1. So is residue 279 within 23 Å of residue 338 (Cβ to Cβ) and within 15 Å of the ligand (Cβ to nearest atom) or not?
2. Residues being touching a Leu at 6+ places or on another chain (Cβ under 7 Å), surrounded by fewer than 21 Cβ atoms within 10 Å (Cβ to Cβ) and in a loop (DSSP other than H, G, I, E, B): count how many of those fall in the stretch 555-580.
3. Consider residue 510 against the criteria (1) part of a helix (DSSP H, G or I); (2) polar (S, T, N, Q); (3) crowded, with 21+ Cβ neighbours inside 10 Å: it satisfies all of them except one. Which criterion is unmet?
4. Does the stretch 235-246 hold any residues that are within 12 Å of residue 200 (Cβ to Cβ), in contact with a Phe, Trp or Tyr (Cβ under 8 Å, 6 or more places away or on another chain) and within 16 Å of the ligand (Cβ to nearest atom), and which are they?
5. How many residues are within 30 Å of residue 95 (Cβ to Cβ), modelled with pLDDT of 95 or more, within 15 Å of the chain's Cα centre (by Cα) and crowded, with 24+ Cβ neighbours inside 10 Å when one looks only at the stretch 121-155?
6. Tell me the residue from 161, 167 that is of a type in the set (Lys, Arg), farther than 22 Å from residue 687 by Cβ and in contact (Cβ under 8 Å) with a residue 40 or more places away in the chain, please.
7. Select from the stretch 638-680 the residues that are closer than 19 Å to residue 707 by Cβ and of a type in the set (Ser, Thr, Tyr) and list them in ascending order.
8. Please determine, by comparing only the residues of the stretch 86-113 that are in a loop (DSSP other than H, G, I, E, B), farther than 24 Å from residue 159 by Cβ and under 20 Å from the mean Cα position of the chain (by Cα), which one is nearest to the ligand (Cβ to nearest atom).
Amino acid sequence: MCKRFLALVLFCLPVAAQQPGRGFGQPQPPAGPWINADLPPDQRADMVIAQMTFDEKIQLVHGAGGFGPQAAGQANRSNGGAGWIPGIPRLGIPDLNMADSAVGVTRGAQRSRYSTGLPSALGAAATWDLELAYLYGNVIGRELRDQGYNMSIGGGVNITREPRNGRNFEYLGEDPILAGKTIGQLMKAVQDQHVLGDIKHYALNDQETGRNIGNVILDKRVARESDLLAFEIGLRDSQAAGVMCSYNKYAGDWACENDYLLNQLLKKSWGFKGWVMSDWGGTHSTNKAAQAGLDQEMPGSQYFGDALKKAVDSNEVPMARLNDMCHRILRSMFAVGVVDHPVTPTRVVDVFKGLEDAQKIAEAGIVLLRNANRTLPLNGAAVKSIAVIGSHADVGVLSGGGSAQVDPPGGNAVPPPPAPAGQGGRGGMGMMFGGAPVYFPSSPLKMIRAKAPKAKVEYNAGTDATAAAALARASEVAIVFVNQPMSEGRDARTLSLPDNQDALVSAVATANPKTIVVLETGGPVSMPWAGNVAGILESWYPGISGAQAIANILFGDVNPSAKLPVTFAKSEADLPHPAIPGIDLQPVPPPAGAAGGRGMGGRGMIPPFDIPYTEGLKVGYKWFDAENKEPLFPFGFGLSYTTFAYSDLKASADSVTFTVKNSGTREGVETAQVYCSLPAAAAEPPKRLVGWTKVSLKPGESKRVTVKIEALFVSVFNVDKDGWEKLAGEYKFAVGGSSRSLPLTATVKN
Ligand code: BGC
């Protein structure tokens, strides 16, 4: 009898696990007509809403607490991510389990889960490769599913107005078209895994300093053509389900209760069908936020819990608006497939595939910035001795901190000294909450040794420049690793590398003419020593396979092909804002209505202040072009171990065709870039990126390539007409290998 019962249970188990609508750890729902996957998502959502109680509606529009399982009595249902919203099991609606996943799935450590630590998102942008952007999102989407999440809250596309912004490593560079196209593919890949995507931080949250109190001032036309364009393209290309509104104010209103940003632009002009969730603690009101277009308060219920219930009861917020919030959430769940393909974790993350994918992206995203006398690639068989110096390169590579922090396998490869009693940082969050920088256990020293098995390869920590220089002097080649730990919640005050690393590089370079510098930085840094070293590689935060990728480039197994998605300035003096707005303000007690919780940021509460982006459209290279300033390394720049020649440009209104030749001696990939100068009447910066293509060429080989130019990319925004327009006049196209190397030009009349 007992045996027969056991057999029955075992027989039934897998069948039950496959029932549609059966979410992770949730009871099986009764069938309702909305379970029919052939119906349009909007219709399915309305069918569910018709069955929902008032309380169920309210429950859907706010989080049940962030940062782990804390909702009383239901703790076992949260998956431990940054956000959790209980579903409605009786109607077959699964919980929403959300995880930060800007550079890989976060918060793995607390449940002993493994996630692939990807290279910085900025490194993915440096590939200029939309297939790799898709792969990046694919890794995130599949690992979210494997871990039991059905929503990503990654996907930052704030453009790099401020190169010292602590979160630039999570974002996709300074150009709205490159950033927008990249996030579009990345989020598409996430959603193709039936995991809801989200694009953040909407909008103009371009610095961490005072992020929860600063009021951004930027003219509408400029905003549409710069920061907002990245969101517009990304949402158009991915149909992402979620948009996270940011902490800051824009034009006097908090982003999460900003009628222009949410209702008028996002929902009306762009036709966004998904839902707007607040950044964590970024909701400031009930009625105003609800009417302005906020659909979900995260991670708690201060404004969209009982307060919203009362407001709907008293008709201050119409029931139709609450239904609209629910509709947006539910229709997205149906559209992306989280109801039809519920998360039922049945396997562990594919670690090996993750390592491979991370390496592929890192190799395509590491930028070769300097290669004097063709010092690189190194010949592993011939080199006799190598000094490896600095940045804990004996054990690991640096990662980015804050809510994007991915937990490294085995813990921090550079364990910080124990914190004094009662002052421990928050585990797994890196530096944001007072923790130390987190290193991934990917050892450059080991990989370099493997590439040069006969060489004497020695390591020096770089903490004593004299000792490091002595080792460099005694070695044939010196490879200095330098880093810049960056994190959510704070910006770098300057572009300089911290901890006297400039002095370290200079000392080593003086001791050894064959000095190669490998940077691990959140974004652009200054390099006063750039002209004195033989080679420079920018590896961003290169991820779990970073050491392999770096070594493969140093020794020529991979020919570098990445290009900068951000301008590197020589110094702060050349930036639109030599000092970050608000950086010197001192904390004061919080004013009434200020964002609470995590929105308070790492520096405490500073008084309200304006962030006037006076440079307007002149972001990044557009500033350097317009102001005739020479950057240290221009946008779009990156060397290869071969060379490329451009010829024979033919341009029409919507495409350019030209020839790229590999004029060097080894196979390589060129990212050919197309810029356009608009008619003078447009009053635009001198040029903008309007397209690019990647061309793979054998030595001596030529290819004729065509780059299509989208009308949007050569248009300007007309505020009076509330639309994009292409002006009459001359459009000058320029083509080449970087924003400052454009050998081909052609003019087309419109
Ligand atoms: C960050 C968001 C993040 C959220 C949840 C906030 O502090 O700004 O990017 O998604 O926390 O962790």
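The values are calculated or read from the model by the stated rules, or taken from the named source; none is laboratory data. On a predicted model such as this, the values are computed, not experimentally measured, just so you know. So basically every Cβ, Gly included, is an ideal-geometry build from the backbone, and we count neighbours across all protein chains shown.
1. The answer is yes for residue 279.
2. 3
3. With (1) part of a helix (DSSP H, G or I); (2) polar (S, T, N, Q); (3) crowded, with 21+ Cβ neighbours inside 10 Å applied to residue 510, the lone miss is (3).
4. Passing the criteria: 242, 243, 244, 245, 246.
5. Residues flagged as within 30 Å of residue 95 (Cβ to Cβ), modelled with pLDDT of 95 or more, within 15 Å of the chain's Cα centre (by Cα) and crowded, with 24+ Cβ neighbours inside 10 Å within the stretch 121-155 amount to 10.
6. Step by step, each of 161, 167 is checked, and only 167 is of a type in the set (Lys, Arg), farther than 22 Å from residue 687 by Cβ and in contact (Cβ under 8 Å) with a residue 40 or more places away in the chain.
7. The answer is 646, 647, 652, 655, 657, 659, 671, 675, 677.
8. Checked the stretch 86-113; the qualifying residue nearest to the ligand (Cβ to nearest atom) is 107.
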